[in-house]
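Inspection log for the structure reproduced underneath, given as structure tokens.
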Amino acid sequence: MKFTDRHAIYLMSLGVGFAVILTMIFFWKEWSGLSTNLPVNDGKISSYGSILSGLVGTCWSLASVILFYVALTEQRKDMAVNKEALGLQTDALRQQIKEFELQTKELEETRKVYSEQLATQTLQRFESSFYQMLNLHHNIVNSMTFRSSTGGPNRIGRDCFKTFNTLFKKECEAIDKTSVVKLVDAYLSFYDNHEDALSHYFRNLYHIFKFVDTSSIKDKKFYTALVRAQLSSNELLLLIYNCLSPNGLEKFKPIIERYSLLKNVSLSDIEGGRLIITQYKATAYGRKDFESILKGISGSSIV
């Protein structure tokens, strides 16, 4: 049987009913005339009180037990409901966590796509400027002219550098080739005579390499190697001396050493031999056999 609060109410009502009925019977039997002059029978009143308290007390005690049971039952139901609600909240929280993880993953993927797009745009802008500068360099080389003052053939474009190297070697014939200072001074004397052509050439070449070196792209050596491949042996021979002079010693020479820009130069053709070659770090030449080649080169000439 399942007890409810109604059962407790019935028992309490029953206790009250018993009390009323017993009281009516007691007064009807003992004081039917309701006279106050009759003596009081303490024994009967005591018996009446015992019977009344027994019946009513029992009913009300049982009602209290029932109410306590009902309260426990309701509390248990509330606990079950709360447990179910807690389970639902836990499930909702887990679902929110999953949704948050998905959102985080989507955000990371979006960020990755954005980073890739940004990197692509950055590379595109870099390459656009790079190839424009390289094209300008080609135009500078192609527009170079050398007119001989001694009746020799005129030179145009890259052929000018072959003549420049010949003139520089003549400048070095009468000097002490065991002195770096004197060799550099000889180059500066040669450079002053052809500054109009060479200054613009080396300045633009330096800015191309500087542009790559200071950029944020990853594969910088790919682009510096691309520029290096455009340079002839005669251009590289003059570049060596230009970057030992004040024109490029401070800024251009470190870039040459960092990106192995002298990798394609013919070491045996360098005026001054080992003395000049060793003014650069080995990384400038980028060769595995650099040391073995260097052993066959003397201070100022080839052995």
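The values are calculated or read from the model by the stated rules, or taken from the named source; none is laboratory data. Note that the coordinates shown come from a computational prediction; the quantities given were computed from them, not determined experimentally. Using ideal geometry, Cβ is built from the backbone for each residue, glycine included, and neighbour counts are taken over all protein chains shown. Only protein heavy atoms, including side chains, enter the accessible area calculation; ligands, DNA and RNA are left aside. Shrake-Rupley method; radii C 1.70, N 1.55, O 1.52, S 1.80 Å.
Taking only the stretch 130-169 into account, find how many residues are modelled with pLDDT under 90, over 48 Å from the mean Cα position of the chain (by Cα) and not in a strand (DSSP E or B).
Total meeting the criteria: 8.
Would you check which residues across the stretch 241-265 are polar (S, T, N, Q) and either open to solvent by 40 Å² or more (accessible area, probe 1.4 Å) or over 20 Å from Thr178 (Cα atoms) (or both) and list them?
Passing the criteria: Asn247, Ser260, Asn264.
Among the numbered criteria (1) open to solvent by 80 Å² or more (accessible area, probe 1.4 Å); (2) at positive phi, which single criterion is violated by Glu195?
All conditions are met except number (2).
Search the stretch 276-294 for residues that are farther than 26 Å from Val181 by Cβ and pair each with any residue that is of a type in the set (Phe, Trp, Tyr) when their beta-carbon atoms are under 9 Å apart and the residues are at least 6 apart or on different chains.
From residues that are farther than 26 Å from Val181 by Cβ, the pairs are Gly286/Tyr259.
State yes or no: is Lys177 touching a helix residue (DSSP H, G or I) at 6+ places or on another chain (Cβ under 8 Å), open to solvent by 30 Å² or more (accessible area, probe 1.4 Å) and in a helix (DSSP H, G or I)? It would help to see each step written out before you state the result.
Details: touching a helix residue (DSSP H, G or I) at 6+ places or on another chain (Cβ under 8 Å): yes; open to solvent by 30 Å² or more (accessible area, probe 1.4 Å): yes; in a helix (DSSP H, G or I): no.
No, not satisfied.
Restricting the stretch 150-165 to residues that are open to solvent by 70 Å² or more (accessible area, probe 1.4 Å) and not hydrophobic (A, V, I, L, M, F, W, C), which is nearest to Leu238 (Cα to Cα)?
Among them, the one singled out is Lys162.
Filtering the stretch 112-126 down to residues that are surrounded by 13 or more Cβ atoms within 10 Å (Cβ to Cβ) and not aliphatic (A, V, I, L, M), which residue is modelled with the lowest pLDDT?
The residue in question is Thr122.
Just to check your reading of the model, which residue among Leu88, Leu67, Leu62, Leu72 is over 30 Å from Ala229 (Cβ atoms), open to solvent by 60 Å² or more (accessible area, probe 1.4 Å) and touching a Leu at 6+ places or on another chain (Cβ under 6 Å)?
Leu62
Looking at the stretch 240-259, is at least one residue within 17 Å of Cys160 (Cβ to Cβ) and in contact (Cβ under 8 Å) with a residue 24 or more places away in the chain?
yes
Mind telling me which of the residues Tyr285, Tyr223 ends up being open to solvent by less than 60 Å² (accessible area, probe 1.4 Å) and modelled with pLDDT of 95 or more?
Testing whether each residue is open to solvent by less than 60 Å² (accessible area, probe 1.4 Å) and modelled with pLDDT of 95 or more leaves just Tyr223.
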